[in-house]
Structures are given as structure tokens and as C-alpha cells.
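Take a look at the structure set out below.
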Amino acid sequence: MGGFLENLKKIFTVPTGDTTSNFITFMVRCNKCGEEITVRARKNSDISRVSEGESPAGAEYFLRKEILGGKCNNLIHIEVCFGPGFNIISKEISGGKFVE
Ligand SMILES: [Zn+2]
């Protein structure tokens, strides 16, 4: 069952955005020098799965990353919780700001 249907599904459920890649991309701005930095988090290595009961608000994945820009030595630290399908539930940052 399902080989053909599975393929159809793949064709028709490609959502808008960059979900075909293995990366999740964030833009952050350094608090110190204002540099905007693009952060790419690898779904299969940077982002870890959260065990049930360990996380707030039904998060399934968790990302913790330190980012260093090219213009200064200010270290930016982000922590992001994802729900099913890698939708962002919560995000925190220190040393910088998320650029929407
Ligand atoms: Zn900076």
C-alpha cells in the first residue's frame, strides 16, 4: 500500500517556504554592532528532540545555539522551542534581537 500515494503526498504537501531543506533559518541582529546575521540550524544535528514531559507547551524540538558575527566579538545566544512540523513555539535570545 501507499508507494504511489506517498509520492503524491510529497508532491502536494510541499508548503510554502523553505521546508524542503534540512535547515531552519533565523535572522538576528547583534546588540553591540547592529550586524545582521543569518543563522542556519540543521534539523538533524543542531536541533535536538525533546522527550515528552521535559519541555514546556508541547515542544518537540529544541535548538540552542551561539552565534558570533563577523564584525565584533559579542556572542549571541538563542534558544528556540519547536512544535510538530518545526513551527516555532517560543524563542529567546541574549546579546541580540531576532529580525522579523
Ligand atoms: Zn556584533
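The values are calculated or read from the model by the stated rules, or taken from the named source; none is laboratory data. All values derive from a computational prediction rather than experimental measurement. Virtual Cβ from ideal backbone geometry, glycine too; neighbours counted across all protein chains shown. Surface accessibility is based on the protein's heavy atoms, side chains included, excluding ligands, DNA and RNA. Shrake-Rupley method; radii C 1.70, N 1.55, O 1.52, S 1.80 Å.
Filter region 25-36 down to the residues that are touching a residue at least 24 places away in the same chain (Cβ under 8 Å) and part of a loop (DSSP other than H, G, I, E, B), then identify the one that is surrounded by the fewest Cβ atoms within 10 Å (Cβ to Cβ).
Of everything passing the filter in region 25-36, C33 is surrounded by the fewest Cβ atoms within 10 Å (Cβ to Cβ).
Take region 79-100 and flag every residue that is part of a strand (DSSP E or B) and more than 16 Å from the ligand (Cβ to nearest atom).
E79, V80, C81, F82, I88, I89, S90, K91, E92
Quick one: in region 81-98, of everything that is in contact (Cβ under 8 Å) with a residue 24 or more places away in the chain and β-branched (V, I, T), which residue is farthest from S21 (Cα to Cα)?
Only one residue tops the list, namely I93.
State the number of residues belonging to region 71-100 that are of a type in the set (G, A, S) and either at pLDDT below 95 or under 16 Å from I24 (Cβ atoms) (or both).
3
Out of the residues in region 51-78 meeting the condition of being open to solvent by 60 Å² or more (accessible area, probe 1.4 Å) and either closer than 18 Å to C33 by Cα or part of a strand (DSSP E or B) (or both), tell me which one is farthest from the ligand (Cβ to nearest atom).
That would be R64.
From the list G17, G3, G34, exactly one residue is over 12 Å from the mean Cα position of the chain (by Cα), modelled with pLDDT under 75 and at positive phi. Which is it?
Among G17, G3, G34, only G17 is over 12 Å from the mean Cα position of the chain (by Cα), modelled with pLDDT under 75 and at positive phi.
Scan region 57-80 and report the pairs whose first residue is farther than 18 Å from F98 by Cα and whose second residue is acidic (D, E) and away from the ligand (no atom under 16 Å from the Cβ), with Cβ atoms within less than 9 Å and a gap of 6+ or a chain change.
Correct list of pairs: E60/E52.
Could you tell me how many of the residues in region 37-50 are outside any loop (DSSP other than H, G, I, E, B) and either of a type in the set (S, T, N, Q) or more than 14 Å from H77 (Cα to Cα) (or both)?
Count: 5.
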